[in-house]
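> Before anything else, here's the structure in question.
Each reported figure results from applying straightforward, stated rules to the coordinates on display, with no laboratory input. No experiment lies behind these values; they were computed from the predicted model shown. Here the Cβ positions follow ideal geometry from the backbone for every residue, glycine too, while neighbour counts run over all protein chains shown.
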Amino acid sequence: MSLSMGACPHAWQQHHLHHRGRMWAASPAFRRQLFLLRSLAPTCADGGRASSSSLRPHLMYAAAGPVYEADAEAVVRRITPPLDRARHKGQAGKIAIIGGCREYTGAPYFAAISALRVGADLSHVFCTKDAATVIKSYSPELIVHPILEESYSVRDDERESVSSSILAEVIKWMERFDCIVVGPGLGRDSFLMDCVGNIMRHARQANIPTVVDGDGLFLITNNIGLVEDNSLAILTPNVYEYKRLVQKVLNCEVNEENASEQLTALCQKIGGVTIMRKGKADLISDGKKVTQVSTFGSPRRCGGQGDILSGSVAVFSSWARHFLLSNEQPKETSVNPMVLGCIAGSLLLRKAAALAFEKNKRSTVTTDIIEFLGQRFVVSALDFHLVWQSFYLKISFLCCSLEDICPAGR
Ligand SMILES: NC(=O)C1=CN([C@@H]2O[C@H](COP(=O)(O)OP(=O)(O)OC[C@H]3O[C@@H](n4cnc5c(N)ncnc54)[C@H](OP(=O)(O)O)[C@@H]3O)[C@@H](O)[C@H]2O)[C@@H](O)CC1
Ligand SMILES: Nc1ncnc2c1ncn2[C@@H]1O[C@H](COP(=O)(O)OP(=O)(O)OP(=O)(O)O)[C@@H](O)[C@H]1O
Ligand SMILES: [Mg+2]
């Protein structure tokens, strides 16, 4: 990846300050170029070293003002590793999901199988004993560890020893993972929450990137120290999870008018984390800038799509990290692999959902979407669809024209 692009996006931005909003909104190609410049080039105004508290005014504008549409397809293409015959098992990613309890077995399965379908080599699930057999029976591809316990199965006097042995069991594996996803189908049992808090602390000490979703967000909302100042943490809240996070951290209500400012403020207040606010458009920020992915996916809102997303984001952010490390980035670069991972995951889910909906219409369920996660297929199928559509339109137009010249029946 070339990082030596000449123009300084911020200088350019200042010059055009008065045209903001309308111009960006008007031209997708323009926004695409700007995003690529901003995401793949160093921030020249501050040498990329701006901390959340030392942003200059025009950078504040960049952080608090417009939302840039990401060139998500370019990001996917850049960070996806080639299918190289020389690679061995594990090099394309080892992901672990911490989730799955008596109530929820679907969510951890969706996240784990999506990680594999996106292209990871190994996908583990750490869940409660009740959930393990069920999850294993969904798929032989997953490595399932039945180690978590809920309060009802642990006596008060055993809590400490059970908690330590759970942590010891996870630690044995932790260093091998490229990313963990905490929360899909985890439930909210208090003992379980405490154990998972310990697992998160350990992951942080070991520098393992952590995607926090579902009930993991419930856990960190009530214990924000678990992710505070962790630049390897990604939070993926849905509407309600975001609402709870804003109320707790910013002590106010969600403000749709200033969505990007509020998201930036939330990232900055927590410190270092990347947040993807899911919704009609997925808004992504690391506290420095806000980008969005708004490619239309599907009108179906069946449960489980967020789980696909968390598994996919885990894989893509690992790939983005490896890509940036192996491409000798200048130290001052502002590219954040966690942000790239969110962008790529969001696009993939949306494209897969679009294709699943085209096939299954209102009966689309999450399993149907997972079928379409083969990204090369998603991209080429979509391209094919567009080509076919335009070909079809041209044919129809030609037929209409012929009809005009030579009406049928004459
Ligand atoms: N197949 C599976 O196993 C799946 C399992 N999943 C797992 O389920 C667990 C919980 O995750 P979640 O996303 O359901 O819970 P969350 O976001 O806390 O609450 C959402 C609920 O809030 C409610 N609500 C409505 N309006 C509201 C408002 N204005 N402000 C506030 N709240 C409002 C509304 O409920 P209602 O009031 O309609 O009863 C809505 O349903 C988690 O572990 C996840 O991974 C899922 O991944 C799906 C697939
Ligand atoms: N109103 C919407 N319009 C279009 N796409 C949406 C909309 N809301 C969510 N999405 C898409 O669905 C994905 C999942 O978001 P959602 O809000 O359903 O997550 P979730 O509630 O955590 O899902 P889950 O049921 O897995 O827990 C998002 O990435 C987004 O792309
Ligand atoms: Mg969810």
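> Running Debye on the range 225-311 with equal point scatterers at the Cα sites and no solvent, what base-10 log of I(q)/I(0) appears at q = 0.10, 0.24, 0.26 Å⁻¹?
Log10 I(q)/I(0), no solvent term: -0.24, -1.31, -1.47.
> Here's another thing I want to ask about it. Rg to Rh for the range 72-371: what is it, with Cα atoms only and Rh by Kirkwood?
Working: Rg = 18.2 Å, Rh = 19.2 Å.
Using only Cα positions, Rg/Rh for the range 72-371 is 0.95.
> Follow-up question, since we're still on this one. Looking at this model, which pairs from 248/289; 136/243; 89/243; 136/289 are more than 32 angstrom apart at the alpha-carbon?
Numbers: 248/289 22 Å; 136/243 34 Å; 89/243 40 Å; 136/289 41 Å.
Pairs exceeding 32 Å: 136/243; 89/243; 136/289.
> What aspartates and glutamates could a cross-link reach from residue 172, if we take a straight Cα to Cα line under 16 Å and drop same-chain neighbours fewer than 8 places away?
Filter leaves no residues.
> Using just the Cα positions, wrap the range 158-282 in a convex hull and report its mean projected area in square nanometres, one decimal place.
Quarter of the Cα hull surface area: 7.8 nm².
> Could you check how many percent of all C-alpha pairs in the range 227-378 are farther apart than 19 Å?
That fraction is 54 percent.
> Here is a further query. Which of the lysines could a cross-linker span from residue 351 if the Cα-Cα distance has to be under 23 Å and same-chain partners fewer than 8 positions apart are dropped?
Counting by Cα, and skipping residues close in sequence, residue 351 has these lysines nearby: 278, 280, 359, 361.
> Name the GluC sites (Glu not before Pro) in the range 130-190 that are in a loop by DSSP and that have at most 16 other C-beta atoms within 10 Å, would you?
141, 175
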